[in-house]
Structure formats: structure tokens, C-alpha cells
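We did not get these values from a lab; they are worked out from the coordinates using the rules stated. Quantities reported herein were computed from a predicted structural model and do not represent experimental measurements. Counting neighbours? That spans all protein chains shown, and the Cβs are built from the backbone with ideal geometry, glycine included.
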Amino acid sequence: EDQIAVLFVLAGLWGLADAVWQTQINAFYGVLFSNNDEAAFSNYRLWESIGFVIFYIITPYIRIRIALIILLIFLTLGMIGYGLTEYLWKIKKIKKIQVVSS
């Protein structure tokens, strides 16, 4: 009985985190690819779907612990990629401001 409450709380937190994550990614793609946003969003959804399919196919053949490790590795790589993209975007923006003000 107590576990059901925990399950609902975790599901709610997961939904909240996913909503924030998806919103931020979509907004970031809109800023990064403002000239070609259709292709950017299509590419994003394509790779997201391919990831879902691959994981759906391999999940029955691997243990839960291994699946969680794989997910954590890809989450870490994604966060590093996001941070690097933010950093490079800010550097590009600063250089653009310096060129305009010169």
C-alpha cells in the first residue's frame, strides 16, 4: 500500500522533469536553428525515435542494471553535449557582439 504512493510520486516527478526537459530542448533548438527549424526539429525527433526503438529492441536481452547504466551513460553524454553547445553558443555570441561594436 505504501509503495503505491511512492510509485505515483515518482511518476509525477518524472513527468514534471520530462516536461521541463522537453520544453528547454525545444526552445534551445528554436534559438540555435532559427533559420532552419523544421529540419532541426525533424532531425531531433528522428534520433529520439531511433533511440527508443533500439532500446525497446535490446531491453528484453539485457538486465535492468545494465539498461540503467546505459541510460546513465547516454544521459551524461547528452548533458555534456548540451553544456558544450551552450558554451560554444555564448562564445559565438560574444564574438559577434565584439565584431559589431568594433
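Annotations
- Theoretical FRET efficiency, 1/(1+(r/R0)^6), r = Cβ-Cβ of residue 6 and residue 58, R0 30 Å, to 0.05: 0.60
- Choice from 33, 52, 41 showing the highest fluctuation, given a GNM over the chain with Cα pairs closer than 10 Å: 52
- A simple rule links phi to the HN-Hα coupling: the Karplus curve 6.51 cos²θ - 1.76 cosθ + 1.60 with θ = phi - 60°, which for region 30-42 gives x, 6, 5, 10, 5, 7, 9, 6, 4, 5, 5, 5, 5 Hz, with x for Gly and Pro.
- The base-10 log of I(q)/I(0) for the chain, evaluated at q = 0.11, 0.15, 0.16, 0.19 Å⁻¹, reads -0.53, -0.88, -0.96, -1.19 [Debye formula, identical scatterers on Cα atoms, solvent excluded].
- In sequence order, region 20-25 has phi-based couplings of 5, 4, 5, 5, 5, 5 Hz under the Karplus curve 6.51 cos²θ - 1.76 cosθ + 1.60, θ = phi - 60°, and Gly or Pro positions carry x.
- Model label sites at residue 70 and residue 22, defined 7 Å from Cα along the beta-carbon direction, differ in position by 2.3 nm.
- Take the Cβ atoms of residue 48 and residue 101, set R0 to 41 Å, and the FRET efficiency comes out at 0.55.
- Aspartates and glutamates with Cα under 16 Å of residue 96, excluding same-chain neighbours fewer than 8 positions away: 86
- Evaluating 6.51 cos²θ - 1.76 cosθ + 1.60 at θ = phi - 60° for every residue in region 58-64, the Karplus couplings come out as 7, 4, x, 9, 10, 6, 4 Hz, glycine and proline recorded as x.
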